[in-house]
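Some notes on the structure that comes next.
The values are calculated or read from the model by the stated rules, or taken from the named source; none is laboratory data. Here the structure is a predicted model, which is why all the values come from computation and not from measurement. Note: ideal-geometry Cβ built from the backbone for every residue, glycine included; neighbour counts use all protein chains shown. Ligands, DNA and RNA are stripped out before the accessible areas are found, and what is left, the full protein with its side chains, is counted by its heavy atoms. Shrake-Rupley method; radii C 1.70, N 1.55, O 1.52, S 1.80 Å.
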Amino acid sequence: MKTRSGVLLELVFLTVCLVLFSRLHAAAGRDLAAAAANALTLQSMEHAMHLDIERAANAWLTARETLSPFAVYVYRLYYVVVAGTLLWVSLRHADVYRRVRRTMVAMMVLVLPIYWAIPMSPPRFALPGTVDLVAVHDIVGQAAHESWIRPTHLTAMPSMHVGWSLWCAYAVWTALRATHPRAALLAWAFPLLMIAIVLGTANHYVLDIAGSLMLLAAAIGVASLWGRLTRLSAVSAPPRRPPGRP
């Protein structure tokens, strides 16, 4: 019974976190003029650093009629991999589950203030000459498609598509690095694929991807501190007395 109640509490906690994150995310990035201005500033920074490869990446993927739909499928369905990774770690690697779950929650908490402070238009809106491949090859319903081509909030910095794919790789690497080091390294192919997709579909800038890497690093640090504080609290807590004894 205790195990079942623990699983139920865990599901409730994660559900509440995801619902709150999605609601707050949807409420951020509402200043469309600021999002466009921030995108122009980011483009200038990338140009100065010779990192402005988004237009070339988009042109390359647009010319590949077979790869373009595949990229859109991965872009739209990546959350299946995220959910599957979380479930796999919780069932097969309980020893690292709390660490990676804390990292996931920390990512949600850390990224929201950035979205509120720095709204950002993606290249598909702010970079002339790009093709919105997700709109061209979209696989969702009409309502979702309309919200995609006419968004009410713009939060391209950092890329959470890359961020969550990085989290997946980190979770698998954490779980397997001691026993299956090659498989653990192979997990990092997923974020590399996602990086190529978000650039090719004109959904993110190179610096958005750099922001995702920084976000994961910060979340790992917060999760580590969170774990230490939890252990210290458990050690300092007075022992429970058996029932019936004074």
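Would you confirm whether any residue within segment 155-176 is over 28 Å from residue 55 (Cβ atoms) and β-branched (Val, Ile, Thr)? Within segment 155-176, one or more residues are over 28 Å from residue 55 (Cβ atoms) and β-branched (Val, Ile, Thr). So which residues in segment 175-229 are open to solvent by 40 Å² or more (accessible area, probe 1.4 Å), at pLDDT below 95 and not in a loop (DSSP other than H, G, I, E, B), if there are any at all? Matches in segment 175-229: 181, 182, 183, 224, 225, 226, 228, 229.
Hey, could you check segment 8-23 for residues that are among the hydrophobic types (A, V, I, L, M, F, W, C) and either closer than 19 Å to residue 205 by Cα or open to solvent by 80 Å² or more (accessible area, probe 1.4 Å) (or both) and say which is modelled with the lowest pLDDT? Walk me through it before giving the result.
Going through segment 8-23, the residues among the hydrophobic types (A, V, I, L, M, F, W, C) turn out to be 8-9, 11-14, 16-21.
Those still in the list that are either closer than 19 Å to residue 205 by Cα or open to solvent by 80 Å² or more (accessible area, probe 1.4 Å) (or both) too: 8-9, 11, 18, 20.
Details: 8: 79, 9: 83, 11: 83, 18: 89, 20: 92.
The selected residue is 8.
Starting from residues that are charged (D, E, K, R) and open to solvent by 80 Å² or more (accessible area, probe 1.4 Å), keep the ones in segment 32-64 and report whichever is modelled with the highest pLDDT.
Applying the first criterion (charged (D, E, K, R)) to segment 32-64 yields 46, 52, 54-55, 64.
Adding the requirement that they be open to solvent by 80 Å² or more (accessible area, probe 1.4 Å) leaves 55, 64.
On the way: 55: 97, 64: 94.
Once the filter is applied, the top-ranked residue is 55.
Within segment 86-102, the set of residues being farther than 13 Å from residue 14 by Cβ and open to solvent by less than 30 Å² (accessible area, probe 1.4 Å) comprises 96 only.
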